[in-house]
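Working notes for the structure below.
The values are calculated or read from the model by the stated rules, or taken from the named source; none is laboratory data. Given the structure is predicted, the values throughout are model-derived calculations rather than measurements. Areas reflect the complete protein model, heavy atoms only, side chains present, ligands, DNA and RNA absent. Shrake-Rupley method; radii C 1.70, N 1.55, O 1.52, S 1.80 Å.
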Amino acid sequence: MKRRALAWGDQPYGAVLVLANFSESAQTVGPEVLVDCPEQATDLVGGGGFDLRREIILQPYQQLWLHVP
């Protein structure tokens, strides 16, 4: 059984999107889950960018803190 949680909040400077995997297995976040998000996001912890129109694979217990303009 897959469980997913998506939190989204707009702020004047953009938004922070947190993707978290709470399982022992890698999980895929497909582009259909993020369809209402802008196309690009920046990783607030590691730097670098993400194309939110492509799938994102989260490793076990991985978290991504993304800035979405």
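Taking F50, is it assigned to a strand (DSSP E or B), on the phi < 0 side of the Ramachandran plot and at pLDDT below 95? In short, yes.
Taken over region 27-48, the criterion of being of a type outside the set (S, T, Y), closer than 15 Å to G14 by Cα and open to solvent by 40 Å² or more (accessible area, probe 1.4 Å) is satisfied by D36, P38, E39, Q40, L44.
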